[in-house]
Every structure is written in C-alpha cells, then in structure tokens.
Amino acid sequence: MQVVDTIIRLFDSQGHEAYFGEPVSQREHALQAAYLAEQDGSPGWLIAAALLHDIGHLVHGQPEDLADRGGDGLHEDAGATWLAPHFGPDVVRPIRLHVAAKRYLCAVEPGYLSALSPASALSLRLQGGPMDAAEAARFASDPHHGPAIRLRRWDDRAKIPGLIVPGVEHYRKHLESAHRSQELTDQESAGPPHEAGPRANRS
Ligand code: FE
C-alpha cells in the first residue's frame, strides 16, 4: 500500500496550499469533496475519487495563481495519469473527466454556469468554455460520465471555510480497497502468479 501512504503524505506536506482563489486549502477542498461524497451514500471507489480529484495540483506543485496568470495546468490529466498505475478506471476516469463535466454542465444545465464561483468561472475560460453540442454528446456517451458529474457537483460545493470534516486517515480504507481491487485486476489479466512478472508487484 505504498501509494496510499504516499497520497496521505502528499496531503500532509502540500495540502495547506491555497485552492486557486477559493477560501479553502487544497486539503480542506479534497476532504470536503470526499465528505460530501460519503454523505451522499457513494460507494468507496467514488469517495476515493472525490478525495483524489485534484491530486494533480499536489503532484505537480503548481503555483496557486495559475488561473490568474492565464495558464491551464491540465491538473485533471496530471492527476489521472499519476493515479492510473495504482487505481482502476472507476476511480481514475471520473477524475480525468471532472473538468469536462463542468464544461458539460455549463452547456446543458440552465443556471449552472452562473452559480460557479468567480475562480471557477475564470478557469472555465481557460478550460475551453461550455461544450458545444458535439462535445456534449461525446461526453454523455462516456460510460464514466455519470460519476464524473456527481464528482463535479461535490467539487463545486467543497469550498466552505471552516467546515469541520474527517481527516485524510478516515478515507484510508477506501483508498486501500480501491487500490487492492486494481491489483487483483492486474493479477487476473497477467495470468497465474509465476507468469505475472513485475506488474503484479507494483504498489
Ligand atoms: Fe476541485
């Protein structure tokens, strides 16, 4: 479970960084998103995805004023790519799609765009703005688009200053079981243990 310990250390060491113009830190934002997912009665893999959805910011250590300076860090791709060797598509795909989900909701849901926080509205422009009809149809055909939209809604709400929520260790069980199910999938697709090779040993 090395990667789970690495993730918890990342939140401990870098989670204090500001969350891009919002009144919460990266760690507070992640913990609130996971808390909202848990409150909604979500399965463990989706709670894990909510906790990890912005980990791309932590693994890349991007400066907090990125959006103000006109750059799009593509944090969703950075995070999903970093997580992909350790977690299955149920966890990774909604993370990769959580910015696309914002662009989708702006296109299809009246009132969604106007309810975005100022920082989220600013980053929307850098992320390509609302989807056009073809992009929205393509997004809606992705089998993971439903969880990505749920994740997006927690993401949008997880910006409450001072909200008391459980810490990162509370979610260790979900991270470990999501990680374990990916290891089992790896082993099944790699064949019997003596043929499995180095992939079966990775953490
Ligand atoms: Fe977020």
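Considering only residues of the stretch 5-56 that are among the polar types (S, T, N, Q) and without any contact (Cβ under 8 Å) to a residue 12 or more places away in the chain, which is farthest from residue 82 (Cα to Cα)?
It comes out as 39.
Determine whether residue 152 is within 15 Å of the ligand (Cβ to nearest atom), touching a residue at least 24 places away in the same chain (Cβ under 8 Å), part of a helix (DSSP H, G or I) and of a type in the set (D, E, K, R).
In short, yes.
Take the residues in the stretch 9-30 that are touching a Lys or Arg at 6+ places or on another chain (Cβ under 7 Å) and part of a helix (DSSP H, G or I), then tell me which one is nearest to residue 160 (Cα to Cα).
Filtering first and then ranking leaves 29.
Could you count how many residues in the stretch 22-33 are more than 17 Å from residue 76 (Cβ to Cβ) and either within 12 Å of the ligand (Cβ to nearest atom) or in contact with a Gly (Cβ under 7 Å, 6 or more places away or on another chain) (or both)? Write out each step before concluding.
Residues of the stretch 22-33 more than 17 Å from residue 76 (Cβ to Cβ): 23-25, 27-28, 31-32.
If we keep only those that are either within 12 Å of the ligand (Cβ to nearest atom) or in contact with a Gly (Cβ under 7 Å, 6 or more places away or on another chain) (or both) too, we end up with 24-25, 27-28, 31-32.
So the count comes out to 6.
Going through 33, 78 one at a time, which residue ends up being at pLDDT 95 or above and in a helix (DSSP H, G or I)? Explain how you work it out, then say what you get.
Values: 78 fails: at pLDDT 95 or above.
After ruling out the rest, the residue left standing is 33.
Failed condition for residue 147, given (1) surrounded by 20 or more Cβ atoms within 10 Å (Cβ to Cβ); (2) modelled with pLDDT under 90; (3) in contact with a Leu (Cβ under 6 Å, 6 or more places away or on another chain), with all others met?
(2)
Considering the stretch 108-121 alone, what residues qualify as being more than 21 Å from the chain's Cα centre (by Cα) and aliphatic (A, V, I, L, M)?
Once the filter is applied, which keeps residues that are more than 21 Å from the chain's Cα centre (by Cα) and aliphatic (A, V, I, L, M), the stretch 108-121 yields only 108.
Between a first residue in the stretch 96-120 that is more than 23 Å from residue 56 (Cβ to Cβ) and part of a helix (DSSP H, G or I) and a second residue that is among the charged types (D, E, K, R) and away from the ligand (no atom under 13 Å from the Cβ), which pairs have beta carbons less than 9 Å apart while being 6 or more apart in sequence or on different chains?
Within 9 Å, the pairs are 107/132; 107/135.
Among what's in the stretch 5-21 and is β-branched (Val, Ile, Thr) and surrounded by 15 or more Cβ atoms within 10 Å (Cβ to Cβ), pick the residue that is farthest from the ligand (Cβ to nearest atom). Walk me through how you get there before you give the answer.
Pass one, the stretch 5-21, residues β-branched (Val, Ile, Thr): 6-8.
Still in the list and also surrounded by 15 or more Cβ atoms within 10 Å (Cβ to Cβ): 7-8.
Values: 7: 16, 8: 18 Å.
So the residue we want is 8.
Scan (1) modelled with pLDDT of 95 or more; (2) surrounded by fewer than 14 Cβ atoms within 10 Å (Cβ to Cβ); (3) among the charged types (D, E, K, R); (4) within 15 Å of the ligand (Cβ to nearest atom) for the single condition residue 132 breaks and write down its number.
Tallying (1) modelled with pLDDT of 95 or more; (2) surrounded by fewer than 14 Cβ atoms within 10 Å (Cβ to Cβ); (3) among the charged types (D, E, K, R); (4) within 15 Å of the ligand (Cβ to nearest atom), residue 132 fails exactly one: (4).
When you look at residue 67, is it at pLDDT 90 or above and either buried (at least 23 other Cβ atoms within 10 Å of the Cβ) or under 30 Å from residue 138 (Cα atoms) (or both), yes or no?
Criteria not met by residue 67.
The values are calculated or read from the model by the stated rules, or taken from the named source; none is laboratory data. The model shown is predicted, which means the values in this text are computed figures rather than measured ones. Glycine also receives a Cβ, built like all others from the backbone with ideal geometry; neighbour counts cover every protein chain displayed.
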